[in-house]
Structure formats: structure tokens, C-alpha cells
Amino acid sequence: MTGHTLWWLILLFLIQRFSCEIHPENPFKLQDSNLTATEGSCIEIKCQIIKSVSDGPASWFWMKDAVWINGSFSATTIFSSSESKHPVNAHFAKRVKYISSPSSSWKNPPSSLCSILIRDLNKTDTGNYSFRYVGTSSSDIWTTQPFTNLTVTENPCLLTFEEPKNVTENGNVTLTCSTLSSCTSGLKIEGPSASLSQSKPENPKKTTLSFKVTWEDDGRMFSCQTENNTDPCLIRNISLTVGYAPKDMSANISSNIVKEGESVSFTCSAKGQPEPTFTWTKDGRDLDSKANWMISSITASQNGSYICKAVNKYGSKELVVTVGVICEYCFT
């Protein structure tokens, strides 16, 4: 090896080392360059941690269609670790979910991830997506390159399945699921009461399920999908809200017989929609507006019956508990 060749090798080594020090490796990497999904479905944009990231004060967020202008990115923020610093666009606020490791684990690559899931996709979601991390110093700011390009294709069977409003106990309800005229598949509604009276109307673009609700139907889930669907993200779900007066009420005390000076705990519970409020009374006088409360040191004058009342917009219910107080220093 000539001296001239050795000199060039040393120079190349120094250039590479100097370059690495100026441009350290980006610890964040998007797994896919291009993704395609169907309108109404969902997509995971996978982000990997390939190098340890310090667990210090930092903010990080996901961007759509980011453009570098005058020293900063102009973009639509779709998810943010700090909405006070990087507010999320309303179009994405309820549709984007962070599904990966907490940022405190990012110092332990390569198992850590920084991925998101976008649900209920629209064709307007087509675009370029990137992840940006902003640490405490200028050398601790990162943006994933290249971006992930997402293409959302048209869905000929886009579904509409909405929760019915103002449903009350013992009322009749009809759930309606419909799709576009371009859809060639039939529809089906599934749920705990789906076998009652699901109809197959003349219009194949719409199906209904009718039944009489009870208070126990409150919170029950129903789903609609096309008959040949294989994508769980294309299933539309609703949770039925049924208004009803307080039921399944219970009222208890820690002990029915206590000595003067001892503590007594009162507990009350009831189901209801909306959630009932509670009031404890004794001899017509309000004592507490919480479901659970306590007398820390009971006296003989507090002997007697206590009433718990549960109330909501549909009605009320009350129960009585009785406390017997033994007067330790009383004489008969």
C-alpha cells in the first residue's frame, strides 16, 4: 500500500466519522413507504424505534402532508402527545389512536414502537404521513424520512348505522343500517336481540331490526356489516342507550348496632340511565349528597332510621337502614 493510498483511506475515515457526528442516525423510522386502504376501514401506520431515545421532557406528534416552509413544518396534526403545543385537527381528533409503546420505553429499542391507527378512513385522508419528535435541544429534533404515502380507495358498500335517540325503557326501537346504491352485497345486523325480528326489506340497500327495549338493553352493542365482509374495521358498531329510572338499589351500613363514639359507614348504589344522584336524609333533614359517607363518632341522638334516595330524570327510589346506638354511659 502506497503512502498516497493510505492518506486517502485516512481522509475517507475522517470524513465518514465527521459526517456521522454532524448527522447522527434518526432514531425513528416508518416501516412502509406506501399503504392502501378502503374507505370506511382502518389502517396502521407503523413506526419503529431503532435507536435509544432519552426519556426526557419532549413532545411528539404525527403529521399529514408536511411541507418545510421558512424553517418549520406546515402540516395537519393528526395525533399529538401535547395538544397544548400541537393541537390535533378536528377531522382526525376522534379517529386516530396511538397503539404502541409508551414514550418512556423508547430508550430500549428495537422492541419499542410509535405506531398509530386511523379509523373510519375517508378518501380525503389520502396523503403523506410522518412522525416528528421535538426534544429539549436542537440536536434532539427528528422527522421520519421518507414519509408514508397512504391511498384511500372508494368503498362501494360504505355503511350508515347510527344510534337511535331518546330510547326509554319499554319503548320500541328500530335500528336501521343502509349502504350505497353501488353495493352488490346484502346487509346484516347482529346483536344480543338480533334474532327477535330482523327484517329483510324489499330494498336490499337497507336492513332493520325492531324490538321492545328493557332497561337491561342499556349499553348493549349492535353491529352492521355486509354479508360477505372479512374486514373487522368495516363493521359498524353502536351502543344502545336506554333511559330508565333507578333500579337494583341497595343501601347498607357497616354495623346495625354500634356503641356511642364508634364510626359508622353508609353505602348506597343503584343502576340508572342517566346515572342517578344520591341523597341521605334522617328525620326529613338532608345529611349528605354522596352515595357513600361516614359518621366518624356516632352519638346516642343519631340513633334511628336513615333514608338513601336515588334520583334521575326518569324517577326515584329509596331504601331505609336503621342504626341502633348503645349508650355506654346512660342509666335507666
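Here, each number is a calculation from the coordinates, and none is a lab measurement. Everything quoted here is computed from the prediction, not taken from an experiment. Here Cβ is always computed from backbone atoms with ideal geometry, including for glycine, and neighbour counts include all displayed protein chains.
For this structure, a couple of remarks:
- Degrees between helix 3-22 axis and first principal axis of the chain (Cα, 0 to 90, nearest 10): 20
- The value of relative contact order for the chain, using C-alpha pairs under 8 Å at least six residues apart, is 12 percent.
- For Cys233 and Glu262, the difference between the fully extended length at 0.36 nm per residue and the C-alpha to C-alpha distance is 4.7 nm.
- Exposure proxy order (Cβ contacts within 10 Å, fewest to most) of Trp68, Trp62: Trp68, Trp62
- Reported to the nearest whole Å, the Cα centre-to-centre distance from the range 303-326 to the range 63-101 is 51.
- Unit charges at the beta carbon, dipole of the chain: most positive-side option, Gly243, Thr214, Leu35: Leu35
- Comparing mean-square fluctuations of Arg119, Arg220, Arg285 from a GNM of the chain with C-alpha springs under 10 Å, the top value falls on Arg285.
- Ranked list, fewest to most other Cβ atoms within 10 Å of each Cβ, for Thr136, Thr230: Thr230, Thr136
- Note on Lys313 and Thr281: the model spin-label points, each 7 Å out from Cα along the C-beta direction, lie 2.3 nm apart.
- Fewest-first ordering of His86, His91 by other beta carbons within 10 Å of each residue's beta carbon gives His91, His86.
- Pair Lys165, Ser139: separation of 7 Å Cα→Cβ label points (nm): 5.8
- Here the simple spin-label model places points 7 Å from the Cα toward Cβ, and for Asn252 and Glu83 these points are separated by 3.8 nm.
- Each residue of the chain gets 259 Å³ once the volume of the Cα convex hull is shared out per residue.
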